[in-house]
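Here's the structure we're looking at; comments come further down.
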Amino acid sequence: MEKPKAKTLEVIIPGYRMHSQMFNNLLDGIKESDALTRIENKTNHFTWMVGNLVNCRYWMAGIVGIEEKDPNESLFKDGKALDENAEYPSLDVLKKEWHKISPILFKKLLSIEETELEQPYELGMNISYVQENKLNMLGMCIDRESYLFGQLGLMRKILGYNAVKYDTDDKLGY
């Protein structure tokens, strides 16, 4: 396993890699017709959650100075609420975006210096016990991904799909 240059990222890298693996597992077998289903018109739909995951990866990329932008940013930036009138991209399109940005971001996470992670980064949340820097923002993004993965796992069951599998693909190196 590759080690990051910044020791503090040794905590984040395993979660990042596991999320990369779980992304494919969560999408496995989901039909596009089910992906826009909302439960009692109260929940976000599968596509919205997946789009937010992809946007979260682009958000992390921006934190560490990667210039690539999410082409679907207008639908998902800053956790934008689901818009029932919007036309969302297909799961295939979102999956391609996930696998486009994730290896680029992973490479950067491995090479980033501790001093860059310590740089201020405004969260805008004004939480007294959270130092607003790049490292903590990356941690919060991983937490956001975990939250969305939990929602997607529950939606799989509600929609009648099998529970998500924890199979891993050793060829997926990010």
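The values are calculated or read from the model by the stated rules, or taken from the named source; none is laboratory data. Just so we're clear, the structure is a prediction, and the values are computed from it rather than from any experiment. All Cβ positions, even for glycine, are placed from backbone atoms using ideal geometry, and neighbour counts span all protein chains on display.
Observations on the model:
- Selection within the stretch 87-126 - surrounded by 11 or more Cβ atoms within 10 Å (Cβ to Cβ) and closer than 30 Å to Lys42 by Cα: Tyr88, Pro89, Ser90, Leu91, Val93, Leu94, Lys95, Lys96, Glu97, Trp98, His99, Leu123
- All positions within the stretch 147-174 that are exposed (fewer than 14 other Cβ atoms within 10 Å of the Cβ) and either touching a residue at least 60 places away in the same chain (Cβ under 8 Å) or assigned to a loop (DSSP other than H, G, I, E, B) (or both): Ile158, Gly160, Asn162, Ala163, Lys165, Tyr166, Asp167, Asp169, Asp170, Lys171, Gly173
- Here the condition is being within 21 Å of Gly15 (Cβ to Cβ) and acidic (Asp, Glu); of Asp92, Asp170, it holds for Asp170 alone.
- The residue list Lys95, Lys100, Lys80, Lys69 contains one member that is among the basic types (Lys, Arg) and touching a residue at least 40 places away in the same chain (Cβ under 8 Å), which is Lys95.
- Wholly within the stretch 1-66, helices (runs of 4 or more DSSP H) carrying at least 2 residues that are among the acidic types (Asp, Glu), modelled with pLDDT of 95 or more and surrounded by fewer than 19 Cβ atoms within 10 Å (Cβ to Cβ): 32-35
- Close pairs from the stretch 123-134: first farther than 17 Å from Asp78 by Cβ, partner surrounded by 10 or more Cβ atoms within 10 Å (Cβ to Cβ) and among the aromatic types (Phe, Trp, Tyr), Cβ under 6 Å, at least 6 apart: Asn133/Tyr121; Lys134/Tyr121
- For Cys141: the one exception among (1) out of contact with any Lys or Arg (no Cβ under 9 Å at 6 or more places or on another chain); (2) not in a loop (DSSP other than H, G, I, E, B): (1)
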